[in-house]
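The values are calculated or read from the model by the stated rules, or taken from the named source; none is laboratory data. Everything numeric here is computed off the predicted structure, so don't read it as measured data. Quick reminder, even Gly has a Cβ in these numbers, built from the backbone with ideal geometry, and neighbours come from all protein chains shown.
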Amino acid sequence: MSFSGGVRLTDLNDFIAPSQECIKPVEVKKTSATKSTVEIGSDGGYYEVTKEGSATKLEEAQVTLNDCLACSGCVTSAETILIAMQSHEELISVLKANVLAKREQRNSDLRTVVVTISPQTRASIARKYNLTTTKAGMRLAKFLKTAGVDFVFDSAFSRDLSLMASAKEFVDLYRNRQVGSLSEQTFPILSSWCPGWICYAEKTHPEILPYISKVKSPQQIMGVLVKTYLAQSLGCSPDKIYHVSVMPCYDKKLEASRSDFYNDMYRTRDVDCVITTGEIERMIVEAGSSVQDLDEQSFDGQFCGQGDLNLARSAGSSAGGYLEYVMSYAASALFGMTIPADSIANPAGSGLKRTLVRNHPDHQEITLSHPQTGEQLLRFATVYGFRHLQNMVRKLKTGRCSYDYVEVAACPGACGNGGGQLRPPETSPKSLKEWANSVENTYKASEPCQTPEENLALAEVLSNWLPQGIDQPWPKKVLFTSYHAVQQATNGLGVKW
Amino acid sequence: MTLILVAELEGHKDRVWQLSWHPSGERLASCSGDRTVRIWAPSDPGLLSADSFPEKPAPGAWKALDQIESTHKRTVRSVAYEPTTGKQIATASFDGTTSIWEYDEYQGYECEATLEGHENEVKCVSWSPSGQLLATCGRDKSVWIWEAVGGGDFDCISVLMEHTHDVKFVTWHPTEEILASVSYDNTVRIWKEDDDDWYCTKILEGHTSTVWSADFSPDGSYLVTVSDDLTVKFWKAPSVKTSSEIEFVPDSGSWDLAYTVPAQAHTRPIYSVSWSHHASDSGNHGLVATGGGDNTLRIFKTVLNGGRDKTGFEATLVEELKNAHGQYDINCVKWNPCQKYSCWLATAGDDGVVRIWYYTA
Ligand code: SF4
């Protein structure tokens, strides 16, 4: 498995090699509040010894993925934990348990299985099997439904909500800055949906965290939708739904396992399991089938494009179109200019300018100027890939980053090129690059563009789910999250070299 | 005795890690656990052209010219002069940063840029021969490539994360933009740029333990690596025609292992290696110096053709000096990069001392 650059650098390589630095096993819950000491017994277990001399064996510490993520040294391999917790085998075993429960008529043990598929996954499958992205999605839907999945949704649906929240957040902050009720510190706003980037920022650049948008990613918004709205409409509790998402990277597994997305009351996660594009392909092959031979079936209409048959996408790259939508919305809300999101993707006139910084497609600047005065109104950028991300952070720290908004992606070329996507038959650096480009083209050539406002299914959900409107006091818990700096463990080993 | 100790430079308050010669060959920079960089030069510049020396190093033959009180919070592990003008010095530190220092007549050395990015200890910094690129590597298993963007600043242009362990050392090919990195994962990796992206064109496998250091022959036709496995290995760069006429096509050829100096030659890990720029008649690739944990300084003479090995390559031990830094490890050996001063060798050790040697064959 291959995580995105930032994650590989900050976390997982450390996790994969067992290290002596893990502090977790020491944090054993002690039973008494009074003074006592912890001793190691002859069996190797930890014993709590009170002043009176009575010894109680302490619970053995369990290291979870979350412990690993919140720590920089590690005793165990996050890879192993991830594979055990979040794999297609997990999904298969849940489906099997359902079949068994049905057969034995244990209805209370049945769980509704929901799978959310990302549009980047569809693009990757479509590229490899020479399909349209819609057909690729519908074949996955057929396979999943045949395997016993109850609902198949499109994460482009929840992405629309994520886009709306991002645009609203941007405009609010921008206005606050104008009236001076905000320190300059908040700008640029950095997009937040890429967990590779978030993980990296939390571990290595905590001072950057205030700049990061608080809006949840499409995956996590779908998580709330499924575990609240859908659960309510099905009349079941959130833990009776098993929610899987199919994503372009392993980093999304880390995101799903963040404690911020865990429901303590029902002991359930908004997204229970994440599998990558590669893993779902493997699942199909292991089931003795192949994408070529699958029939097609439509997604479920509740949470998908424009009603049940048509998938749609937002303007922009496989990063999701955040830059385009936020700019389009801000141009209208702040300056009364009508700038359609898809015109930003390919600007021609109207005060828009798109430039490749130092000629690299992964770092682009998009500026909006006043059509008459030529005054620069907005300055946005895309920053994809660890290398550009790194330079952006350096500029930001030295106060030389003059953007208003940056769409940040840890992977070069963004999510079309995620670490969990299908690989080309040839893996030379050149063919990998060409492949990534062709996946991007497949993604862009897919469904018609649609703005979040045009998403009728979303409008319907919103009117039921958040009737107060998303403009009014923000449904913060639903759409917003927060970030936590991770304390770096100092290298206590004093290694000479 | 053909290796003459000309000067002993004392001043560092902790072990000296690495040395770098000014491109003019007339100055030497050293970095240390005391977080400083010191610049040394002969008191009389004519000394470098002399060819006879007193039996004992004359005190004051070399002097401390300058000192960079670095802002690094931990050990300065690596130091490198910019190779075209020598106006800048790069330092890499265990504090995770790399700094670029420029000399100013009034202010002395000033920090022009601090390159952050490595997660933890930076182990080595190296300039490309053009001075346009900088490579760094470290404990986070990554190799970073930076490009000068003017004003003393650098942009990161690549982060290479293919080594599976601590990367110890990086060095550039003398004529091509090709980088070699060596690691605790026992491998040597060769990196190259294609269409704005850097990638690993070759993994050299053969060492059975940590590879500590590497150096290209001055014409770039060979790479020498030294390791914890006590061997010195010579690798032939692909598509080399003759030593003077090189056609370097890294993808099209293999980096064959040309020769291994057997393990018996060293008794402890070898930490440093340097290939001399000694004028070489064809077939003679000059001298290779090594130093390491067995406190011994060794010099090998290399032969390209007619050697005992089937490739025709051979390296023979011509000099062995025990306890070159007393009972201390030798952390760095460095030949003077200037042809006319190519008999000068500098060494640094855990004793905190820099020693300057003159070698006559
Ligand atoms: S850019 Fe996309 S694919 Fe890559 S780590 Fe971020 S979310 Fe995952």
Subset of the range A:343-397 [farther than 26 Å from A:Cys249 by Cβ and part of a loop (DSSP other than H, G, I, E, B)]: A:Asn346, A:Pro347, A:Ala348, A:Gly349, A:Ser350, A:Gly351, A:His370, A:Pro371, A:Gln372, A:Thr373, A:Gly374, A:Glu375
Restricting the range A:174-187 to residues that are polar (S, T, N, Q) and part of a helix (DSSP H, G or I), the residue that is farthest from the ligand (Cβ to nearest atom): A:Gln178
Exactly one condition in (1) within 14 Å of another protein chain (Cβ to nearest Cβ); (2) within 20 Å of the chain's Cα centre (by Cα); (3) closer than 17 Å to B:Glu82 by Cβ; (4) of a type in the set (Asp, Glu) is false for B:Asp185; which is it? (3)
Going through A:Gly320, A:Gly349 one at a time, which residue ends up being surrounded by 15 or more Cβ atoms within 10 Å (Cβ to Cβ), more than 14 Å from every other protein chain (Cβ to nearest Cβ) and at positive phi? A:Gly320
Any helices (runs of 4 or more DSSP H) falling wholly within the range A:193-281 and containing at least 1 residues that are modelled with pLDDT of 90 or more and in contact with a Cys (Cβ under 9 Å, 6 or more places away or on another chain): A:195-204, A:251-256
When (1) closer than 19 Å to A:Tyr443 by Cα; (2) within 16 Å of the ligand (Cβ to nearest atom) are applied to A:Phe157, the one that fails is (2)
Can you name the residue in the range B:298-317 that is surrounded by fewer than 17 Cβ atoms within 10 Å (Cβ to Cβ) and modelled with pLDDT of 85 or more and, of all such residues, is nearest to B:Leu257 (Cα to Cα)? B:Thr316
With A:Ile221, A:Ile212 as the choices, which residue is closer than 30 Å to A:Ile92 by Cα and in contact with a strand residue (DSSP E or B) (Cβ under 9 Å, 6 or more places away or on another chain)? A:Ile221
The range A:101-130 - residue that is touching a residue at least 24 places away in the same chain (Cβ under 8 Å) and assigned to a loop (DSSP other than H, G, I, E, B) and, of those, nearest to the ligand (Cβ to nearest atom): A:Ser118
Scanning the range B:188-203 residue by residue, the ones that are crowded, with 22+ Cβ neighbours inside 10 Å and either among the hydroxyl-bearing types (Ser, Thr, Tyr) or farther than 22 Å from A:Phe386 by Cβ (or both) total 1
One residue from A:Ala381, A:Ala436 being on the phi < 0 side of the Ramachandran plot, within 16 Å of the ligand (Cβ to nearest atom) and touching a helix residue (DSSP H, G or I) at 6+ places or on another chain (Cβ under 7 Å): A:Ala436
It is to be established whether one or more residues within the range B:84-107 are within 30 Å of B:Thr360 (Cβ to Cβ) and surrounded by 15 or more Cβ atoms within 10 Å (Cβ to Cβ). yes
Flagged in the range B:113-135 as of a type outside the set (D, E, K, R) and within 12 Å of chain A (Cβ to nearest Cβ), in numbering order, are B:Ala113, B:Thr114, B:Leu115, B:Gly117, B:His118, B:Asn120, B:Cys124
Quickly run through the range B:140-165 and pick out the residues that are more than 8 Å from chain A (Cβ to nearest Cβ) and buried (at least 20 other Cβ atoms within 10 Å of the Cβ). B:Val143, B:Trp144, B:Ile145, B:Trp146, B:Ala148, B:Phe154, B:Leu160, B:His163
For the subset of the range B:166-175 comprising residues that are more than 10 Å from chain A (Cβ to nearest Cβ) and not in a strand (DSSP E or B), which member is farthest from B:Lys141 (Cα to Cα)? B:Thr175
Residue count, the range A:402-426, condition outside any helix (DSSP H, G or I) and near the ligand (Cβ under 8 Å from one of its atoms), comes to 7
Checking the structure you have, find out if any residue of the range B:93-111 is more than 27 Å from B:Glu147 (Cβ to Cβ), at pLDDT below 90 and not in a strand (DSSP E or B). yes
When the range A:393-430 is examined, which residues are found to be without any contact (Cβ under 8 Å) to a residue 60 or more places away in the chain and closer than 17 Å to A:Thr204 by Cβ? A:Arg394, A:Lys395, A:Thr398
Restricting to the range A:251-273, and then to whatever is in contact with a helix residue (DSSP H, G or I) (Cβ under 7 Å, 6 or more places away or on another chain) and more than 20 Å from A:His484 (Cβ to Cβ), can you tell me which residue is surrounded by the most Cβ atoms within 10 Å (Cβ to Cβ)? A:Cys273
In the range A:188-221, anything of a type in the set (Val, Ile, Thr) and within 10 Å of the ligand (Cβ to nearest atom) is listed as A:Ile198
